[in-house]
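Working notes, structure below.
Bear in mind that the values in this text are calculations on the coordinates, not laboratory data. The structure displayed is predicted, hence computed values, not measured ones. Please note: Cβ atoms are built from the backbone with ideal geometry, for glycine as well, and neighbour counts cover all protein chains shown.
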């Protein structure tokens, strides 16, 4: 699992459901390198921590399952 810092040049987006307490996730879509085409997800409280990578369809299915 790459650390968030090892995904250079990505623009992290915070969930619109996030509060000022940073208790949500951030997502990014790497545009180059070995992670291109995947969705990166990280904990907004642990910005330098690991990012989990998902295929776009898998991430979309997860979001759809939340209702």
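Comparing mean-square fluctuations of 25, 52, 36 from a GNM of the chain with C-alpha springs under 10 Å, the top value falls on 36.
Subtracting the Cα-Cα distance of residue 13 and residue 32 from 0.36 nm times their residue separation leaves 5.1 nm of extension gain. Model label points for residue 65 and residue 21, set 7 angstrom from Cα along the Cα-to-Cβ axis, are 2.6 nm apart.
Based on DSSP H runs of at least 4 residues, each adding -39500 (n - 2.57), what is the mean residue ellipticity at 222 nm of the chain after dividing by all its residues, to the nearest 500 deg cm²/dmol?
Details: 1 runs with 10 residues, N = 67.
Mean residue ellipticity at 222 nm (helix-derived): -4500 deg cm²/dmol.
Across all directions, the average flat footprint of the convex hull enclosing the Cα atoms of the chain is 4.5 nm².
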